[in-house]
Amino acid sequence: MNRSESERLFRNAQEVIPGGVNSPVRAFKGVGGSPVFFATASGPYLFDVDGNRYVDYVASWGPMIQGHGFEPVVRAIRDQAAESVGFGAPTKRETQMARKIVDTVPGIDKVRLVNSGTEATMSAIRLARGFTSRDIVIKFDGCYHGHSDALLAKAGSGVLTLGLPNSPGVPQSVTRHTLILPFNDTEAVHDAFGQYGDQVAAVILEPVAGNMGCIPPLPGFLEAVRRITSDAGALLIFDEVMTGFRVARGGAQALYGVSADLIALGKVIGGGLPVGAFGGRADVMDHIAPEGPVYQAGTLSGNPLATTAGLALLNTLDDAFYSRLAAQTKALTDGLGELARGHNIAVRINSVCGMFSLFFTSQAQVATFEDVSRCDVARYNRFFHAMLDAGVYFAPSAFESAFVSGAHTETEIELTLAAADRAFTQLN
Ligand code: KE4
């Protein structure tokens, strides 16, 4: 497949943008080769600058849950842009967006809109620390919550030693309040609270991890974390930036029946435009300025264009939509699994409604970051490029999730399975 124009544009981009991209994963460093530059998109399809068409499973990393160029969103943006793209003052639309989130996401009494998932989780952590007057935050290995300093931490030498920076520029004085535990490890959470219990402000996790590939919670894990945090007076923060309005209409809380104290949202709620949000119990949220003392702010937070786009999308996501999305996801992942078995290729496919990952491994399950690290990344990368050349665009990293949209029909599923059949042949 000819991608010479993408390669030329990438060379140009690298002259004026670090790494040629505005977010690292886009640079294809994980899979090798030169990133694809896209020109336009429609429904489940992307079209690159060389005129090649791809079935899209990145979905702008999640937001395009109804596919690209979704008419209700396009029309809403067009109409709002003609009125104003921003005032820096309250608008009715923000209240409508907040009401939609409060009415749909369990456990959210009040919500603050921000501009990214990073802002949402960073603000939720500051709020939890302010509300509890405690400093320690517990996160899990392989979970990603954006790039705020406190969360760019890696596990210390021992499981229960406090975090070390995992990026230059992050002071150790910040990450020493961050404790990193193995995901899906209830005993580790018990032990951590045994050692730090009354110092822990919050536990933050992706209820379905999506940033080490798709890793659903093991039975009982979310319930145990909920019980342990409640007993210790710590807050439970669900980072649903990826799972919110994706894995179910009420997100992972609805899917698993476990309620958090604070929930971070992003991606889908912006309809493709920059929107994040954090919300939760009113007694906690009322600690946020100007109502309370915990400071948080944003020039474009809740701006009319982004909230209009987000609302236009959210208003189309009813229960019937999620039933169809779950069915399409299952049809695709069942088909991929069957093809891999037919080619005697060992894969483990983890999936929940609307998102999934292929792990090239013979392990019986992939449930922790350690399991993920034992998977064959080189094989994923060869699979990725074989699919790309066959016109199917998966995430350019083995440590990401693939996303299905409401625009993916049986046609796209058959195209994808036919491409996978050829790709698996090339892997043998
Ligand atoms: P943003 O600041 O990128 O809007 O959101 C950060 C974030 C927070 N929480 C979760 C669960 C997330 O998945 C993300 C961002 N996800 C990545 C992809 N896995 C965004 C893609 C990128 O970094 O370019």
(Q) For Cα pairs less than 8 Å apart in space and 6+ apart in sequence, what is the mean separation divided by the residue count of the chain, i.e. the relative contact order in percent? (A) 21
(Q) So if I take the centroid of the Cα atoms in region 2-78 and the same for region 260-285, what is the distance between those two points in Å? (A) 26
**Q.** Ordering of 203-210, 390-397, 237-244 by burial proxy (mean other Cβ atoms within 10 Å per residue, highest first)
**A.** 237-244, 203-210, 390-397
Q. If you wrap a convex hull around the C-alpha atoms of region 226-291 and split its volume per residue, what is the figure in Å³?
A. 90
Q: Using only the C-alpha atoms of region 313-369, find the volume of their convex hull and express it per residue in Å³.
A: 96
Q. Can you give the Kirkwood hydrodynamic radius of the chain from its Cα pairs, in Å with one decimal?
A. 22.2
Q) If you look at just the Cα atoms of region 134-245, how large are its Rg and its Dmax in Å? A) 13.0, 38
Q: Please list, or write none, the lysines whose alpha carbon is within less than 17 Å of the alpha carbon of LYS110, excluding same-chain residues fewer than 8 places away.
A: LYS92, LYS100
Q) Which residue fluctuates the most in the chain, going by a Gaussian network model with Cα springs under 10 Å, if the choices are TYR295, TYR144, TYR54? A) TYR295
Q | Residue-by-residue Karplus 3J(HN,Hα) for region 403-415, coefficients 6.51, -1.76, 1.60, Hz, glycine and proline x | A | 10, 9, 10, x, 8, 6, 10, 4, 4, 5, 5, 5, 4
Q. What fraction of the DSSP beta bridges in the chain is antiparallel, stated in percent and rounded to the nearest 5?
A. 60
Q.
So, for the chain, what is the accessible surface per residue at a probe of 1.4 Å, expressed in square angstrom?
A. 40
Q. If one computes P(r) from the Cα atoms of region 1-85, what percent of pairs lie at distances over 18 Å?
A. 54
Q. Can you list the aspartates and glutamates whose alpha carbon is less than 17 Å from that of LYS139, not counting same-chain residues fewer than 8 positions off?
A. GLU119, ASP149, ASP185, GLU187, ASP191, ASP198, GLU206, GLU223, ASP239, GLU240, ASP261, GLU370
Q | For the chain, calculated [θ]222 nm from helices alone, where every DSSP H run of n ≥ 4 adds -39500 (n - 2.57) | A | -11500 deg cm²/dmol
Q: Please list, in chain and number order, the residues 5+ apart from THR178 or on another chain whose amide H is under 5 Å from its amide H, with Hs placed from the backbone.
A: VAL137, GLY163
Q: Please pull out the direction-averaged projected area of region 38-114, using the convex hull of its alpha-carbon atoms, in nm² to one decimal place.
A: 7.0
Q: Scale the Cα Rg of region 195-241 by the rule-of-thumb value 2.2 N^0.38 Å and send over the ratio, two decimals.
A: 1.21
Q: With the Cα gyration tensor of region 294-406 in hand, convert its eigenvalues to equivalent ellipsoid semi-axes via √(5λ) and list them largest first in whole Å.
A: 33, 19, 15
Q: For region 203-217, take each phi angle, set θ = phi - 60°, evaluate the Karplus expression 6.51 cos²θ - 1.76 cosθ + 1.60, and give the result in whole Hz per residue in order, putting x for glycine and proline.
A: 10, 10, 8, 7, x, 10, 5, x, 9, 10, x, 7, 10, x, x
Q. How large is ³J(HN,Hα), in whole Hz, for each residue of region 358-369 in order, when computed from phi with the Karplus curve 6.51 cos²θ - 1.76 cosθ + 1.60 and θ = phi - 60°, using x for Gly and Pro?
A. 9, 10, 8, 6, 9, 4, 5, 8, 10, 10, 9, 4
**Q.** Convex hull (Cα only) mean projected area of region 357-428, reported in nm² to one decimal
**A.** 5.2
Q) What's the long-distance tail for region 254-358, i.e. % of Cα pairs beyond 22 Å? A) 55
Q.
Between ALA340, ALA326, ALA309, where does the largest GNM mean-square fluctuation fall for the chain, given springs only between Cα atoms within less than 10 Å?
A. ALA340
Q: Quick one: which residues, 5 or more positions from GLY406 or on another chain, have an amide H under 5 Å from its amide H? H modelled 1.01 Å from N in the peptide plane, none for Pro or chain starts.
A: GLN66, GLY67
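The values are calculated or read from the model by the stated rules, or taken from the named source; none is laboratory data. Quick caveat, the model's predicted, so the values are computed rather than measured. Cβ sites come from the backbone with ideal geometry, for glycine too, and all protein chains shown count toward neighbours. Surface accessibility is based on the protein's heavy atoms, side chains included, excluding ligands, DNA and RNA. Shrake-Rupley method; radii C 1.70, N 1.55, O 1.52, S 1.80 Å.
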